[in-house]
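Here is the structure we will look at.
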Amino acid sequence: MSWKEDFYTACNSNGTFSAGINEFFQEHKEDAVAPFAKYQLITAVGTNDLQGVGDEGERNIQLSVWTLSPTLSESLALAAKAGVKSQLDLMSVFERPLAYEEDTKLHGYAIDFIAWFDNP
């Protein structure tokens, strides 16, 4: 599988997360209905060897959850984090609340996961 499939599956392995969101997608969806979660690749670092640079290595993946409540956004993001921690080889995690979006009336919470993928 690819990092996309592995990450998607890991997040959804937590029942609280998968039951709590309407939609979970990569990068952007114009008509997404809250509560929703999206993920995107921030950086991909391969590994150096004598043959050059291999594809396996670190991936920094950002998950953001958007809901009508800041506490629900955080709760669902942390549920996804639990699923990711149980399924992937995590190297680092960085989490933070996102600013309230006045135009959409949504609260966000983001988590950056740095994980190792043998088959990105």
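For this structure, a couple of remarks:
- Size of electric dipole in the chain: Cβ of Lys, Arg +1 and of Asp, Glu -1, about Cα centre, debye, nearest 20: 340
- Listed residue (V93, A82, H28) projecting farthest to the positive dipole end of the stretch 25-120, Cβ model: A82
- Point-charge dipole on Cβ atoms (K/R +1, D/E -1) for the stretch 49-120, about Cα centre, debye to 20: 340
- Taking 7 Å steps out from each Cα toward its Cβ at Q26 and I42 produces label points 1.9 nm apart.
- Each 5 Å bin from zero up to the one holding the largest Cα-Cα distance in the stretch 70-120 carries the following percent of pairs: 5, 20, 24, 19, 14, 9, 7, 2, 0.
- Surface composition of the chain: carbon and sulfur atoms hold 50% of the protein heavy-atom accessible area at a 1.4 Å probe.
- Lysine pair count for the chain (Cα-Cα distance under 20 Å; residues 8 or more apart in sequence or on different chains): 9.
- Across the chain, the longest piece that holds none of the trypsin sites (Lys or Arg not before Pro) lying in DSSP loops with up to 13 other C-beta atoms within 10 Å covers 30-104.
- What the Kirkwood sum gives for the chain is a hydrodynamic radius of 14.7 Å, with every pair of different alpha carbons counted.
- Across the chain, Cα pairs under 8 Å and at least six residues apart give a relative contact order of 29 percent.
- For the options F94, F24, F36, a Gaussian network treatment of the chain with springs between C-alpha atoms closer than 10 Å singles out F94 as fluctuating the most.
The values are calculated or read from the model by the stated rules, or taken from the named source; none is laboratory data. Keep in mind it's a predicted model, so treat the numbers as computed, not measured. Positions of Cβ are backbone-derived with ideal geometry, glycine not excepted, and every protein chain shown enters the neighbour counts. When the accessible area is computed, the model is the full protein with side chains, heavy atoms only, and any ligands, DNA or RNA have been set aside. Shrake-Rupley method; radii C 1.70, N 1.55, O 1.52, S 1.80 Å.
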